[in-house]
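Participant: Input: one structure, supplied below.
The values are calculated or read from the model by the stated rules, or taken from the named source; none is laboratory data. As the structure is a computational prediction, the values presented were derived from the model and not from experiment. With ideal geometry, Cβ positions are generated from the backbone for all residues, glycine too; neighbour counts draw on all protein chains shown. Calculation scope for accessible area: heavy atoms of the full protein, side chains included, ligands and nucleic acids excluded. Shrake-Rupley method; radii C 1.70, N 1.55, O 1.52, S 1.80 Å.
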Amino acid sequence: MDARITLRVDGEERSPTVDTRTTLLDALRDRLGVMSPKKGCDHGQCGACTVLVGGRRVLGCLALAVAHDGAEVVTARGLGALPDGGDGNSGGGLNGNSRNGDGDGERQGPSDDGLHPVQRAFLDHDGLQCGYCTPGQVCSAVGMLAEAAAGHPSHVTDDLTRTGPAVLDDTEIRERMSGNLCRCGAYVNILAAVREQAAVREQAAPARGEAIP
Amino acid sequence: MIPFDYVRPADPADAVAAVGGRPGAAFLAGGTNLVDHLKLGVTGPDLLVDVSGLPLDRIEETPTGALRIGATVRNSDLAAHPLVRHRYPALSRALLAGASGQLRNMATTGGNLFQRTRCPYFQDTSTPCNKRVPGSGCSALGGHTRDAAILGASAHCVATHPSDMAVALLALDASVVLLGPDGERTLPLAALHRLPGDTPHRDTVVEHGELVTAVELPDRASARHSTYRKVRDRRSYAFALVSVAAALDVADGTVRDVRIALGGVAHKPWRAERAEAALRGTAPTEAGFARAADAELAAARPLEGNAFKVPLARRTLVAVLRDLAGAADGGTRHDGREGGR
Ligand SMILES: Cc1cc2nc3c(=O)[nH]c(=O)nc-3n(C[C@H](O)[C@H](O)[C@H](O)COP(=O)(O)OP(=O)(O)OC[C@H]3O[C@@H](n4cnc5c(N)ncnc54)[C@H](O)[C@@H]3O)c2cc1C
Ligand code: SF4
Ligand code: FES
Ligand code: FES
């Protein structure tokens with residue numbers, strides 16, 4: 001069965017006609033020619049297809065396109081154009097406190113090269129080898145930083161009752177990024193890139209944990 | 001994949017009517033299990049009724065102090081909710097121990113309860129499986145049994161239920177609100193999932209067309225002293241080999257209230273009533289915890305590949321109770337960073 005849907009993809013409105021069986025990943029790649037999200041496993045097990053929907057990181061391979069009629073989708077290709085330039089609060093779907101970083105973090109705000117600060121950090125830290133997992137990794141990292149800024153805990157968060165932005169040490173970053181596998185094993189440098197970006201954001205908005213009463 | 005129609009119902013009653021009125025119809029929520037199964041050919045509905053946009057996405061306190069969790073609340077939002085973190089830490093911990101950040105942003109409360117087993121033969125349509133094709137046989141028996149059940153299994157199916165969330169909900173005495181063609185009914189979560197018996201194709205007692213609209217958690221002192229511990233083959237992004245959810249209330253040196261559920265050991269989240277009975281009214285000691293675990297696991301019938309689960313479940317249960325008893329004493333907190341998570 002065919003359905004005509006409308007998606008906003010990387011800021012641009014697109015209205016493909018898709019079979020109801022088409023995943024969001026296949027719609028992006030095969031129907032709309034947006035090739036940055038990758039198909040690794042096609043079963044939710046690797047994270048290569050990660051995109052942001054409504055600002056939240058999701059897997060394109062387990063999402064049906066027809067179920068995302070009207071959605072705002074950002075792929076790695078469109079990250080650099082995010083209006084916030086990656087202050088970690090691009091997550092429109094997260095109730096993060098809005099703040100205006102005054103830019104003393106070195107990579108606050110859109111950069112001249114059109115890359116999102118998280119993408120720039122992956123380059124600076126060699127956070128990739130073949131690059132196949134990278135579009136998913138950077139989308140996941142952007143979504144993850146927004147979740148942390150909104151105070152979401154993780155499996156390794158000791159004290160669940162602390163609210164406020166999560167403090168991201170290496171253990172936290174590894175756990176929160178565990179949904180993105182890298183066949184090349186570039187994890188050490190991916191970690192370094194995300195660690196840098198977590199620090200930039202923390203400087204702009206220091207974690208102010210308060211106990212839930 | 002078999003072609004299917006897709007609709008977005010206007011409200012829950014509309015969703016129930018749409019699925020109830022068509023034998024081949026199914027609810028679609030986050031899609032993280034169902035879309036996978038469509039691709040694998042494990043299931044082939046001819047109509048998907050998308051409930052993910054229904055206004056069932058609220059978490060609210062009821063007048064009786066219970067917490068009502070809407071069926072379409074995403075797993076990530078549920079885990080992060082302040083009331084859940086404070087009053088039902090086992091639930092936050094269980095959700096955060098499951099899947100990945102991306103999957104938790106998609107997965108819903110309702111869909112999580114109805115996710116199907118990860119038995120490799122169930123997912124492989126080239127092999128016999130009584131759960132997928134009733135009467136075709138069980139490939140796990142005599143095959144790969146590392147993931148299989150040690151409690152309550154049958155000669156027809158030895159699969160385990162994969163949900164972390166449901167194990168925590170069971171220990172927290174959750175109930176499930178169902179909307180059907182004839183109206184609403186509320187079921188204790190303990191009565192939702194089934195043992196396989198000779199009808200393993202039925203995971204739950206829910207009838208075709210019945211929609212979960214909410215899950216309710218009673219406000220209990222013990223729930224605040226609850227936690228969840230999951231043991232798996234890698235540190236993150238893997239299903240449980242064994243897991244334990246427990247809530248413990250100790251007063252004046254005796255166990256006043258205790259609730260325990262085990263995951264990864266049975267066809268359904270397993271309430272450890274024998275262990276609870278062995279603990280209630282006794283002093284919370286290491287020896288007592290071990291006796292309680294033994295009382296529960298006396299009924300275990302491991303297979304060749306999963307015999308390790310019996311001592312693993314025993315040790316995990318003892319460790320969780322030790323942590324909770326220590327925390328109740330004002331002693332060591334549960335430390336989410338230690339091994340075996
Ligand atoms: C790679 C991977 C790793 C995972 N790891 C874990 C893990 O470690 N721990 C864990 O617990 N889970 C894990 N999961 C499973 C995941 O938690 C489930 O797939 C998810 O919770 C299902 O929710 P959903 O909303 O996506 O459901 P869907 O896939 O949309 O639906 C699942 C089923 O529920 C039915 N359904 C949905 N909503 C309702 C409702 N309101 N009423 C009645 N029926 C309904 C559907 O008809 C369908 O049969 C993993 C999944 C993947 C892909
Ligand atoms: S254990 Fe159950 S699910 Fe697995 S093959 Fe046997 S019948 Fe199928
Ligand atoms: S392609 Fe989607 S998770 Fe692997
Ligand atoms: S860089 Fe090659 S898979 Fe990650």
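Participant: Looking at region A:123-213, what helices (runs of 4 or more DSSP H) fall wholly within it and have at least 2 residues that are of a type in the set (Lys, Arg) and more than 16 Å from ligand 2 (Cβ to nearest atom)?
Facilitator: A:170-176, A:187-204
Quick grid of which residues meet (1) without any contact (Cβ under 8 Å) to a residue 40 or more places away in the chain; (2) touching a His at 6+ places or on another chain (Cβ under 8 Å); (3) more than 16 Å from ligand 4 (Cβ to nearest atom):
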{"position": "A:139", "(1), (2), (3)": "no, no, no"}
{"position": "A:146", "(1), (2), (3)": "no, no, yes"}
{"position": "A:156", "(1), (2), (3)": "yes, no, yes"}
{"position": "A:161", "(1), (2), (3)": "no, yes, yes"}
{"position": "A:169", "(1), (2), (3)": "yes, no, yes"}
{"position": "A:172", "(1), (2), (3)": "yes, no, yes"}
{"position": "A:187", "(1), (2), (3)": "yes, no, no"}
{"position": "A:200", "(1), (2), (3)": "no, no, yes"}
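Participant: Something else: Conditions: (1) more than 13 Å from residue B:94 (Cα to Cα); (2) out of contact with any Phe, Trp or Tyr (no Cβ under 6 Å at 6 or more places or on another chain). Residue B:223 meets all but one. Number of the miss?
Facilitator: (2)
Participant: Those residues that are more than 10 Å from chain B (Cβ to nearest Cβ) and among the hydroxyl-bearing types (Ser, Thr, Tyr), I need them from region A:23-56; list them, please.
Facilitator: Scanning region A:23-56 gives a single hit, A:36.
Participant: Select from region B:106-121 the residues that are within 14 Å of another protein chain (Cβ to nearest Cβ) and more than 10 Å from ligand 1 (Cβ to nearest atom) and list them in ascending order.
Facilitator: B:120
Participant: Right, another one. So in region B:134-160, with the set limited to residues that are near ligand 2 (Cβ under 9 Å from one of its atoms) and of a type in the set (A, V, I, L, M), which one is nearest to the other protein chains (Cβ to nearest Cβ)?
Facilitator: B:159
This table checks each residue for (1) at pLDDT 95 or above; (2) more than 14 Å from every other protein chain (Cβ to nearest Cβ).
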site: A:122; (1), (2): yes, yes
site: A:136; (1), (2): yes, no
site: A:164; (1), (2): no, no
site: A:168; (1), (2): yes, no
site: A:198; (1), (2): yes, yes
site: A:203; (1), (2): no, yes
site: A:206; (1), (2): no, yes
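Participant: If you don't mind, another one. Going through region B:112-125 one residue at a time, which ones are among the hydrophobic types (A, V, I, L, M, F, W, C), in contact (Cβ under 8 Å) with a residue 60 or more places away in the chain and open to solvent by 20 Å² or more (accessible area, probe 1.4 Å)?
Facilitator: Passing the criteria: only B:114.
Participant: Do you know which residues across region B:289-326 are among the charged types (D, E, K, R) and at pLDDT 95 or above? Show your work before the answer.
Facilitator: Of the residues in region B:289-326, the ones among the charged types (D, E, K, R) are B:291, B:294, B:296, B:301, B:304, B:309, B:314-315, B:322-323.
B:291, B:294, B:296, B:301, B:309, B:314, B:315, B:322, B:323 - these are the residues of region B:289-326 that are among the charged types (D, E, K, R) and at pLDDT 95 or above.
Participant: State all residues of region B:45-104 that are within 12 Å of another protein chain (Cβ to nearest Cβ) and among the polar types (S, T, N, Q); if no residue qualifies, say none.
Facilitator: Scanning region B:45-104 gives B:52, B:75, B:76, B:92, B:100, B:102.
Participant: For region A:170-186, give me each residue that is more than 16 Å from ligand 3 (Cβ to nearest atom) and more than 12 Å from chain B (Cβ to nearest Cβ).
Facilitator: Result: A:185, A:186.
Table: residues versus (1) assigned to a loop (DSSP other than H, G, I, E, B); (2) surrounded by 23 or more Cβ atoms within 10 Å (Cβ to Cβ); (3) of a type outside the set (Ser, Thr, Tyr).
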{"site": "B:44", "(1), (2), (3)": "yes, no, yes"}
{"site": "B:52", "(1), (2), (3)": "yes, no, no"}
{"site": "B:68", "(1), (2), (3)": "no, no, yes"}
{"site": "B:78", "(1), (2), (3)": "no, yes, yes"}
{"site": "B:93", "(1), (2), (3)": "no, yes, yes"}
{"site": "B:99", "(1), (2), (3)": "yes, yes, yes"}
{"site": "B:110", "(1), (2), (3)": "no, yes, yes"}
{"site": "B:127", "(1), (2), (3)": "yes, no, no"}
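Participant: Can you name the condition, by its number, that residue A:157 falls short on among (1) open to solvent by less than 30 Å² (accessible area, probe 1.4 Å); (2) closer than 24 Å to residue B:230 by Cβ; (3) away from chain B (no Cβ under 11 Å); (4) more than 16 Å from ligand 3 (Cβ to nearest atom)?
Facilitator: (3) is the only condition that residue A:157 fails.
Participant: Select from region A:170-209 the residues that are surrounded by fewer than 23 Cβ atoms within 10 Å (Cβ to Cβ), touching a helix residue (DSSP H, G or I) at 6+ places or on another chain (Cβ under 7 Å) and not hydrophobic (A, V, I, L, M, F, W, C) and list them in ascending order.
Facilitator: Across region A:170-209, the qualifying residues are A:170, A:174, A:195, A:196.
Participant: Test of understanding: among B:217, B:195, which residue is among the hydrophobic types (A, V, I, L, M, F, W, C) and out of contact with any strand residue (DSSP E or B) (no Cβ under 6 Å at 6 or more places or on another chain)? Spell out how you get there, then give the answer.
Facilitator: Details: B:217 fails: out of contact with any strand residue (DSSP E or B) (no Cβ under 6 Å at 6 or more places or on another chain).
Among B:217, B:195, only B:195 is among the hydrophobic types (A, V, I, L, M, F, W, C) and out of contact with any strand residue (DSSP E or B) (no Cβ under 6 Å at 6 or more places or on another chain).
Participant: Tell me which residues, restricted to region A:25-47, are open to solvent by less than 30 Å² (accessible area, probe 1.4 Å) and more than 25 Å from residue B:238 (Cβ to Cβ).
Facilitator: If the condition is that a residue be open to solvent by less than 30 Å² (accessible area, probe 1.4 Å) and more than 25 Å from residue B:238 (Cβ to Cβ), then A:27, A:28, A:32, A:34, A:36 are the ones that fit.
Participant: Take residue B:223 and tell me if it is open to solvent by 40 Å² or more (accessible area, probe 1.4 Å) and of a type in the set (Gly, Ala, Ser).
Facilitator: No: the conditions fail for residue B:223.
Participant: Show the residue pairs that are 6+ apart or on different chains and have beta-carbon atoms under 6 Å apart, the first residue being within region A:29-52 and within 11 Å of residue A:134 (Cα to Cα) and part of a loop (DSSP other than H, G, I, E, B), the second being more than 6 Å from ligand 3 (Cβ to nearest atom) and of a type in the set (Val, Ile, Thr).
Facilitator: A:36/A:75; A:37/A:51; A:37/A:75
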